[in-house]
Amino acid sequence: MSKAAERLSSKLKKAFSKEIGSPETFRGEVTLPLLDSTRITEICAHAKHELGYDYLVDISSVDHYGEDPRFEVVYELYGYEHLCYLRLATRIAEADAEVPTVTSVWKTADWHEREIYDMMGIRFTGHPDLRRILMWEGYPYYPLRKDFPLAGKATELPEVAFSKEAPLEGGPFVTTPGSGSRQHGEPRSKSVSS
């Protein structure tokens with residue numbers, strides 16, 4: 001970790017000493033664990049306006065299936081002036097499965113948060129338009145949760161492309177080259193014949 005990154009993460013921890021745990025360093029990158037996710041918007045605003053983390057690289061989520069709290073939301077920040085990265089991570093219990101939005105700090109958080117909601121079921125309170133972004137409205141599952149079967153789930157919903165389980169076993173997906181029908185060009189697992 002660079003001296004600048006260490007200094008900036010120390011400043012953030014000092015400003016939010018009750019909400020931020022001890023810094024964790026791995027391969028030269030620092031992660032600040034957030035003990036209180038309810039103040040994430042305020043913490044991110046401080047990181048942006050006071051410490052120069054002006055770019056939200058990504059927001060991702062992790063399913064620690066079998067652990068409590070089950071979910072983790074990870075914010076990857078970067079500052080163009082000081083060229084330092086910072087990772088903020090907060091754990092969320094499955095029963096709660098919500099965290100405040102940071103769309104007021106970075107507009108680009110909009111689609112990141114929608115994707116996490118769509119794939120993991122974590123809600124972002126205060127989000128201006130929290131709806132599914134990849135799956136259709138009314139889809140009852142969250143496909144990136146570890147308890148979601150790799151083979152998918154059969155559906156009885158009308159007007160859905162697949163009425164049987166999607167062929168996901170065995171991955172990674174491959175596409176079939178050629179000028180055949182669109183069905184033959186769709187991604188399939190290697191074990192499924194076209």
Selection over the stretch 74-91 where residues are surrounded by fewer than 21 Cβ atoms within 10 Å (Cβ to Cβ) and either assigned to a loop (DSSP other than H, G, I, E, B) or free of Cβ contacts under 8 Å to residues at least 60 places away in the same chain (or both) yields a count of 10
Residues of the stretch 40-62 being without any contact (Cβ under 8 Å) to a residue 40 or more places away in the chain, part of a helix (DSSP H, G or I) and touching a Phe, Trp or Tyr at 6+ places or on another chain (Cβ under 9 Å), in sequence order, are E42, H46
Apart from one, (1) in contact with a Ser or Thr (Cβ under 9 Å, 6 or more places away or on another chain); (2) exposed (fewer than 15 other Cβ atoms within 10 Å of the Cβ) all hold for E98; the odd one out is (2)
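Regarding the stretch 8-16, can at least one residue be identified that is exposed (fewer than 15 other Cβ atoms within 10 Å of the Cβ), assigned by TED's automatic domain parsing to the domain that holds R131 and in contact with a Phe, Trp or Tyr (Cβ under 9 Å, 6 or more places away or on another chain)? Break it down into steps so the answer makes sense when it comes.
Going residue by residue through the stretch 8-16, those that are exposed (fewer than 15 other Cβ atoms within 10 Å of the Cβ) are 10-11, 14.
Still in the list and also assigned by TED's automatic domain parsing to the domain that holds R131: 10-11, 14.
Now drop any that are not in contact with a Phe, Trp or Tyr (Cβ under 9 Å, 6 or more places away or on another chain), which leaves none.
Checked the stretch 8-16: no residue is exposed (fewer than 15 other Cβ atoms within 10 Å of the Cβ), assigned by TED's automatic domain parsing to the domain that holds R131 and in contact with a Phe, Trp or Tyr (Cβ under 9 Å, 6 or more places away or on another chain).
Taking only the stretch 37-59 into account, find how many residues are within 22 Å of H127 (Cα to Cα), acidic (D, E) and touching a helix residue (DSSP H, G or I) at 6+ places or on another chain (Cβ under 9 Å).
2
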Checklist entry - S61: within 17 Å of T38 (Cα to Cα) and either in contact with a strand residue (DSSP E or B) (Cβ under 7 Å, 6 or more places away or on another chain) or surrounded by 20 or more Cβ atoms within 10 Å (Cβ to Cβ) (or both), yes or no? => result yes
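For every residue, the table says whether it meets (1) at pLDDT below 95; (2) within 30 Å of P143 (Cβ to Cβ).
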site	(1), (2)
G28	yes, no
P33	no, yes
D36	yes, yes
E42	no, no
H46	no, no
Y55	no, yes
D58	no, yes
The lone condition I116 fails out of (1) assigned to a loop (DSSP other than H, G, I, E, B); (2) modelled with pLDDT of 70 or more is (1)
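The values are calculated or read from the model by the stated rules, or taken from the named source; none is laboratory data. Just so it is clear, the structure is predicted and the values come from calculations on it, not from any experiment. Glycine also receives a Cβ, built like all others from the backbone with ideal geometry; neighbour counts cover every protein chain displayed.
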